[in-house]
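Encoded as structure tokens, the structure appears first; notes follow it.
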Amino acid sequence: MAFETITVETREHVGVITLDRPEALNALNGALIAELATAVRRFEEDAQIGAIVITGSEKAFAAGADIKEMAERTYPQSMIEDFIGGDWEAVSRARKPVIAAVSGYALGGGCELAMMCDIILATDSARFGLPEITLGVIPGAGGTQRLVRAVGKAKAMEMILSGRFMAAEEAERAGLVSRIVPDAELLDEAVKVGEKIAAMSLPSVILAKSAVNRAFETTLEEGIRYERAVFYSLFATEDQKEGMAAFVEKRQARFRDR
Ligand code: DAK
């Protein structure tokens, strides 16, 4: 299937999805969200792919859900169609790691999309914000929940209640962004991180991601119990034997995802 609102490529073991609606600063309309979900699911199913990168343009990762498409929505329509539905959740449901490479605006649904990813790399020009309040609504794709977990209550409240944008440097300091990288290196750096992850054993990558995410969903005690069970389970893999043998033999491990 040819995509119209995104471009998709494979770089070695990393799937790269580029949001591509420059005329609307990559505003996330229904077509784009559906195509993004399809591309993510394909990479999830592709055994050659170990990580996924989502990026936008230099000016915008994504300036939010498409306001022009949303403007005439009614309450019953929104509620019945449940536009939170499957496609918007494809990224947060991905089991393989997803890296957001953010330049320019990441606003509203664009910021929420970045926060659905596991790691955010950004350039100096990145601007994060949840300005839905200025439109008479509130974030609707996880923003009120994920931003507060990422940057704490005070900053999240200020951003969500006043619509203030957060610049890259502040976002890095606050823990929303993993690293700031030079403009020209953003995508290469994100792919490099993806390649590094893709070289690990996929079962341990999937379970490590799942254990970290568990920290946001449960008590410390439960989370530690989950981590312990997962840790033990990895001793059932060939990759654990290979990884530890490689260390002892002073060579590079060759994981086979088994
Ligand atoms: N939607 C539609 N078009 C947009 C857009 C958007 N979010 N953002 C920008 N554009 C369009 C502009 O209308 C303009 O198109 P033309 O007028 O040229 O046809 C073009 O992109 C360039 O934008 P500007 O001329 O405005 O460019 P500037 O550099 O002057 O300003 C800006 C850039 C990013 C500051 C500005 O465009 C802006 O404020 N954009 C809107 C940002 C915003 O409010 N975003 C939040 C949208 S609400 C949900 C899932 C998601 C959501 C909710 C529920 N469920 C699953 C339930 C998410 C909601 C949102 O994101």
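Largest GNM mean-square fluctuation across 142, 108, 175, computed for the chain with C-alpha springs under 10 Å, falls on 175. Put +1 on the Cβ of each Lys and Arg and -1 on the Cβ of each Asp and Glu in segment 135-205; which of 160, 194, 181 then has its Cα farthest toward the positive end of the dipole? The residue sitting farthest along the positive end of the dipole is 160.
Each residue of segment 23-29 was assigned a 3J(HN,Hα) from its phi angle through the Karplus curve 6.51 cos²θ - 1.76 cosθ + 1.60 (θ = phi - 60°); the sequence is 5, 10, 6, 6, 4, 8, 8 Hz, with glycine and proline shown as x. Backbone amide hydrogens, once placed in the peptide plane, bring residue 124 within less than 5 Å of 181, 183, excluding anything fewer than 5 places away on its chain. Near residue 200: Cβ cut-off under 10 Å, other residues only, Lys/Arg at +1 and Asp/Glu at -1. The net charge is -1. Neighbours of residue 49 by Cβ distance under 13 Å: Lys/Arg scored +1, Asp/Glu scored -1, total -2. Oblate is the label for segment 37-91, because a/c, from the alpha-carbon gyration tensor with a ≥ b ≥ c as root eigenvalues, is 1.5 or above and a/b does not exceed b/c. Between 68, 153, 209, the GNM of the chain built on Cα springs shorter than 10 angstrom shows 68 fluctuating the most. Accessible area per residue for the chain is 54 Å², calculated with a 1.4 Å probe on protein heavy atoms, without ligands, DNA or RNA. Computed over neighbours whose Cβ is under 15 Å from that of residue 24, the net charge equals -3, Lys and Arg +1, Asp and Glu -1.
When shorter helices are ignored and each DSSP H run of at least 4 residues is given -39500 (n - 2.57), the per-residue value for the chain at 222 nm works out to -13000 deg cm²/dmol. Under 5 Å from the amide H of residue 51 lie the amide H atoms of 15, each residue being 5 or more positions distant or on a separate chain, with H modelled from the backbone and absent for Pro and chain starts. Karplus-based coupling profile of segment 86-95, in residue order and whole Hz: x, 4, 5, 9, 4, 6, 5, 8, 4, 8, with θ = phi - 60° in 6.51 cos²θ - 1.76 cosθ + 1.60 and x standing for Gly or Pro. Between 237, 38, 219, the GNM of the chain built on Cα springs shorter than 10 angstrom shows 219 fluctuating the most.
The values are calculated or read from the model by the stated rules, or taken from the named source; none is laboratory data. Keep in mind that what you see is a predicted model, and the values were worked out from it rather than measured. Note: ideal-geometry Cβ built from the backbone for every residue, glycine included; neighbour counts use all protein chains shown. To get the accessible areas, we keep the full protein, side chains included, count just its heavy atoms, and leave off ligands, DNA and RNA. Shrake-Rupley method; radii C 1.70, N 1.55, O 1.52, S 1.80 Å.
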